[in-house]
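The values are calculated or read from the model by the stated rules, or taken from the named source; none is laboratory data. Since the model is a prediction, treat every value here as computed from it, not as a measurement. Ideal geometry is used to build each Cβ from the backbone, glycine not excepted, and the neighbour counts take in all protein chains shown. Keep in mind that these areas ignore ligands, DNA and RNA; they rest on the heavy atoms of the full protein, side chains included. Shrake-Rupley method; radii C 1.70, N 1.55, O 1.52, S 1.80 Å.
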Amino acid sequence: RPAGGGSGAGGSGGDTRAELAAVGRWGEALVYNLLLATLPPSRRVDWLNKEAETRAPYDLVVCDRGGSGVREFVEVKTSRYYDHNVFDLSYFEWDFLSREPPVQYRIYRVSGAAEAAGPRVSVIHDVLRAVKEGSARLCLAI
């Protein structure tokens, strides 16, 4: 388990950038391996940040091995503790997921990265619909 904070608002106020990055990377690795273990062999998972942070508006891409078919874009948001339910979504992430025509964009929320009982993973399959229907909310902070 990572020793540091969490990506987005999931860390505590004293977490360093390096700690936040370590927890975020740990969550990406967890989701990458989860997808590799659960997707059918006909699907491929590409981890964009495997070697270094790319600053792309998503962390993983899921597609057919042949490259055809629908591509799914996955953003991973990780925090150390279960009760940290708020996380940052950048302008570039929002802009990408809300574009027309729509893209398949999912957010995998990893919480409890530092909890003894282990992490929990939840998925927002359709972020725009979740916001429209009120099961997820947008928040601005200054």
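Which members of segment 92-114 meet the condition of being open to solvent by less than 50 Å² (accessible area, probe 1.4 Å) and without any contact (Cβ under 8 Å) to a residue 40 or more places away in the chain?
From segment 92-114, those open to solvent by less than 50 Å² (accessible area, probe 1.4 Å) are 93, 96-98, 103, 105-114; that's our starting set.
Of everything in segment 92-114, those that are open to solvent by less than 50 Å² (accessible area, probe 1.4 Å) and without any contact (Cβ under 8 Å) to a residue 40 or more places away in the chain turn out to be E93, F96, S98, V103, R106, I107, R109, G112.
Yes or no: segment 34-42 includes at least one residue that is free of Cβ contacts under 8 Å to residues at least 40 places away in the same chain, of a type outside the set (A, V, I, L, M) and surrounded by 13 or more Cβ atoms within 10 Å (Cβ to Cβ).
First pass over segment 34-42, keeping only residues free of Cβ contacts under 8 Å to residues at least 40 places away in the same chain: 35-42.
Filter once more, keeping what is of a type outside the set (A, V, I, L, M): 38, 40-42.
Adding the requirement that they be surrounded by 13 or more Cβ atoms within 10 Å (Cβ to Cβ) leaves none.
Within segment 34-42 (the criterion being free of Cβ contacts under 8 Å to residues at least 40 places away in the same chain, of a type outside the set (A, V, I, L, M) and surrounded by 13 or more Cβ atoms within 10 Å (Cβ to Cβ)), the answer is no, since none of the residues qualifies.
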Cβ pairs under 7 Å, 6+ apart, first in segment 15-33 and in a loop (DSSP other than H, G, I, E, B), second crowded, with 18+ Cβ neighbours inside 10 Å: D15/G4; D15/G5
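Being of a type outside the set (K, R), modelled with pLDDT of 90 or more, within 25 Å of A130 (Cα to Cα) and open to solvent by 70 Å² or more (accessible area, probe 1.4 Å) is the requirement here; does Y81 meet it?
Values: of a type outside the set (K, R): yes; modelled with pLDDT of 90 or more: yes; within 25 Å of A130 (Cα to Cα): yes; open to solvent by 70 Å² or more (accessible area, probe 1.4 Å): yes.
Yes, satisfied.
Can you tell me which residue in segment 34-61 is farthest from V110 (Cα to Cα), limited to those that are in a helix (DSSP H, G or I) and in contact with a strand residue (DSSP E or B) (Cβ under 7 Å, 6 or more places away or on another chain)?
As a first pass, look at segment 34-61 and keep what is in a helix (DSSP H, G or I): 34-38.
Checking the rest, the ones that are also in contact with a strand residue (DSSP E or B) (Cβ under 7 Å, 6 or more places away or on another chain) come to 34-36.
On the way: L34: 12, L35: 13, L36: 16 Å.
Selected residue: L36.
Pull up segment 115-133, narrow it to residues that are among the small types (G, A, S) and modelled with pLDDT of 95 or more, then point me to the one that is surrounded by the most Cβ atoms within 10 Å (Cβ to Cβ).
Initial filter on segment 115-133 (among the small types (G, A, S)): 116-118, 122, 130.
Checking which are modelled with pLDDT of 95 or more leaves us with 122, 130.
Numbers: S122: 10, A130: 14.
If we take residues in segment 115-133 being among the small types (G, A, S) and modelled with pLDDT of 95 or more, then A130 is surrounded by the most Cβ atoms within 10 Å (Cβ to Cβ).
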